[in-house]
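> Here it is, the structure in full.
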Amino acid sequence: MALTFTPTNWNVEQSIVLTAAEDEDLTDDVVALTLTASGGGYTGVRHAVAVTITDNGLAPLSVSIHDLTRREDGKAAQLRVELNRPSDKVVMVQYATSDGTAEAPSDYVSSQGFVVFSRNATKGVISVGIVDDAVAEGEEQLTVTLSKPRNAIIERAVGTLAIVDDDGGVTLRVEDGVESAEEIRFTVHLSAPSSEPVSVSYRTRDGTAKAGEDYRAVAGMLEFLPGAVAATIAVPLLRDDLDWRQETFTVHLEQSTHAQIAKAVAVATIREAGSVTRNVLAAYAARFVRTSSVHVVEALQERVQSGADASVCAAGDRADLMRLWQTVSNWRPSLGELLGGCHVSRSTGGFGVWGRGAFRRFRGRDVGALRLRGSVSTGLFGMDYRWEDRWMAGLIVAHSRGDGSFTVHQDTGMLSSGLTGVYPYVAYQHRSGGIWVSGGYGRGQAEGMQESGRLSSGFGAMGVRGTLVSMQALRLRYHGDVWYADATISDLDVTAEVYQTRLGMELALDLGDRIRPYVEANVRQDGGSAETGLGMELGGGVRVSVPAWHLKGEVRSRGLVLHAEDGFTQWGISGSVQVGGQEEGLMLRVRPSWGANQGLTLHHQQTVLDAVPQRNLHRTEMELGYGTPMRQGTARSVLGATWQSGTALMRLGGELRPRDRFTVAVYALAQTHAAIRGDIGLNLQGSLRY
């Protein structure tokens, strides 16, 4: 192919598309792409670029046959046939015997047929009849060949059956290893009973499997007492890593007494003891449930701190439904996330309704080479009732969705999950602080690598929050919580548990009526099936208010700055500026933000877009409004735009507030996206405070 650059487009990038072909190996490939220029004074200039093709991972399903040695005793020989891993399909392979030095029908009974593996089965046998005669003829061999596989490929097609004559001298042979109970056993055979002791020395040697990492090296002497015809060499396996690739090592017979060594080398193949998919899903489920639980705990802490019992969607807030329809992440909002643009207001008693959205990314490691990345978005909807100004009881309905990926050595894969839970809670509050207790249960699903299962999670938590010092210009608050959650994927027999204890302090300063900076620090202890150990969170911000100009602004951030586990980080930063904002007159707001939402309280300057997970975490929101007084209440016209991840959402409409406790709004919405056809729509919303 050719790329053409002209005087008008010489500085515009052009792309070359290469398509990788599917192959059966598990290694990455590197190809060279050579560019040769012509014209413009560059004729003959060449440049080579190395292009790496990353292999897509999972080993193909394959079938193999193993060698076998049997005495000439008239009994049938059973040759092992195995799949390299379980399959949800029925696998079939054809086989046939053929003569070597052994000939049918004088030495064995010829045979042909099929080996059938049912779903999830990995072992099969081929039976070959051996003819016992009285002729001293030495060792003879025949072969069994696999062909025409269905739903698999053939990795080792030919197996050798050695028939040891029982009418002559004594010989030694070692068979390929058989894996059993965290070890591999090699059986060493004597061709016939001996009237005197027989001994043979042996030693293991590395193949693709390494001693000290995959198995424990052994060496020694094997003894056969008079009359014995078989003995076993046991090699312990070491399973402290995830590796689904088959690895091999060998056992060698070296020197013997009173017998000759007919077959000195045997091969062992190590396979992963459990399903790698299940191990990965267990590690991912623990982190997904941990993140979802943190969202619930943070919502409860903020609810107790706010002491609020009613939800108000004030003028200027939006449920950006058009943005959510075409979001690149395929995220679908829950009811709680649609209420995420609401702020809360304090009152002395009665029912309350509130909503909250949160988004968080995680990155960490599990045993061995397993690396995990993921993100979790959660929408929460809560209802509660307050009495006597101190007691509050309520119920949270939360829905979390997660997406992630894993890496094991050179292999990668995608993961996803969802969980919907119900969490009742009770809180007691007084002037200087409060305490709350919650528990609940959630159900959903988890899937990855062509396996999926029903996910369930139990949850329990309690927390405290209060004020230590309250002065005119300074407030020092404390907070703490402890929680536990478990995760079970019933269809895959996967279980995990996570728990966390956290203590923190917040210091807020009132520097007059205009500037209010604050900082916070938390110490946390994580435990269970995910990352464990101590960690520290730091956060803070500043709120600015200039009443004479009707100007308000805020910048804030929070992040996990230290943790005992490497690669376990979270961060976020955002800011806002607002001009106006009264019921009447001009209001202008510009709000850029960067980073992941750290689960901070959603107030009247935030929209539900803050809860949408995106790869590009930069977002800019601008809004212009003007409020006009009416006989009862106010009317406001609003023009707004939001830019995020290549998408622009425009909105034009108005809000009517005839009463202090009631608001109705109508907006026309239009969306454009670089890769998706634009849409338009109409959004009608209302709110009632009571």
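The values are calculated or read from the model by the stated rules, or taken from the named source; none is laboratory data. Since the model is a prediction, treat every value here as computed from it, not as a measurement. We place every Cβ from the backbone using ideal geometry, glycine too, and count neighbours over all the protein chains shown.
> Restricting to segment 146-188, count the residues that are outside any strand (DSSP E or B) and either not aliphatic (A, V, I, L, M) or not assigned by TED's automatic domain parsing to the domain that holds Lys89 (or both).
Adding up the residues that qualify gives 10.
> For Asn120, work out the one condition from (1) in contact with a Leu (Cβ under 9 Å, 6 or more places away or on another chain); (2) without any contact (Cβ under 8 Å) to a residue 40 or more places away in the chain; (3) in a loop (DSSP other than H, G, I, E, B) it doesn't fulfil.
(1)
> Only one of Ala496, Ala508 is among the small types (Gly, Ala, Ser), touching a Phe, Trp or Tyr at 6+ places or on another chain (Cβ under 6 Å) and part of a strand (DSSP E or B). Can you tell me which?
Criteria check complete, one pass: Ala508.
> Suppose we filter segment 81-98 for residues that are assigned to a strand (DSSP E or B), closer than 14 Å to Arg156 by Cα and under 36 Å from the mean Cα position of the chain (by Cα); how many remain?
Looking only at that region, the number is 4.
> Could you list all residues from segment 1-43 that are more than 30 Å from Glu155 (Cα to Cα), surrounded by 10 or more Cβ atoms within 10 Å (Cβ to Cβ) and within 35 Å of the chain's Cα centre (by Cα)?
Ile16, Leu33
> Of a type in the set (Val, Ile, Thr), outside any loop (DSSP other than H, G, I, E, B), in the same structural domain as Ala209 (by TED's automatic domain parsing) and without any contact (Cβ under 8 Å) to a residue 60 or more places away in the chain: is that true of Thr143 in this structure?
In short, yes.
> If you don't mind, another one. Go through segment 421-432 and report how many residues are part of a strand (DSSP E or B), free of Cβ contacts under 8 Å to residues at least 60 places away in the same chain and under 10 Å from Arg390 (Cα atoms).
So the answer is 2.
> Being within 18 Å of Glu520 (Cα to Cα), modelled with pLDDT of 90 or more and of a type in the set (Phe, Trp, Tyr), is that true of even one residue in segment 467-480?
The answer is yes, given that some residue of segment 467-480 is within 18 Å of Glu520 (Cα to Cα), modelled with pLDDT of 90 or more and of a type in the set (Phe, Trp, Tyr).
> What is the number of the single condition among (1) within 30 Å of Asp88 (Cβ to Cβ); (2) of a type in the set (A, V, I, L, M, F, W, C); (3) exposed (fewer than 10 other Cβ atoms within 10 Å of the Cβ); (4) modelled with pLDDT of 85 or more that Ala50 does not meet?
(1)
> Still on this structure, please answer the following. Of all residues in segment 457-503, how many are surrounded by fewer than 19 Cβ atoms within 10 Å (Cβ to Cβ), small (Gly, Ala, Ser) and under 17 Å from Gly528 (Cα atoms)?
Going through segment 457-503 one residue at a time, the tally reaches 2.
> I'd like the full set of residues that are small (Gly, Ala, Ser) and closer than 18 Å to Thr145 by Cα, limited to segment 66-82.
Passing the criteria: Ala76, Ala77.
> Quick one: how many residues across segment 234-257 are closer than 27 Å to Leu61 by Cα, aliphatic (A, V, I, L, M) and modelled with pLDDT of 90 or more?
Within segment 234-257, residues that are closer than 27 Å to Leu61 by Cα, aliphatic (A, V, I, L, M) and modelled with pLDDT of 90 or more number 2.
> Still on this structure, please answer the following. Just wondering, is there one or more residues in segment 339-359 that are in contact with a Pro (Cβ under 6 Å, 6 or more places away or on another chain) and either at pLDDT below 85 or not acidic (Asp, Glu) (or both)?
There is at least one residue in segment 339-359 that is in contact with a Pro (Cβ under 6 Å, 6 or more places away or on another chain) and either at pLDDT below 85 or not acidic (Asp, Glu) (or both).
> Could you check segment 53-77 and list, in sequence order, the residues that are modelled with pLDDT under 85, over 46 Å from the mean Cα position of the chain (by Cα) and in a loop (DSSP other than H, G, I, E, B)?
Across segment 53-77, the qualifying residues are Glu72, Asp73, Gly74, Lys75.
> Turning to a different aspect of this structure: Select from segment 390-420 the residues that are of a type in the set (Ser, Thr, Tyr), without any contact (Cβ under 8 Å) to a residue 60 or more places away in the chain and closer than 15 Å to Ser452 by Cβ and list them in ascending order.
Selection gives Ser416 alone.
> Cβ-Cβ below 6 Å, separation at least six or inter-chain, first residue in segment 178-200 and surrounded by 12 or more Cβ atoms within 10 Å (Cβ to Cβ), second part of a strand (DSSP E or B) and aromatic (Phe, Trp, Tyr): which pairs?
Cβ pairs passing all conditions: Leu190/Phe224; Val198/Phe224.
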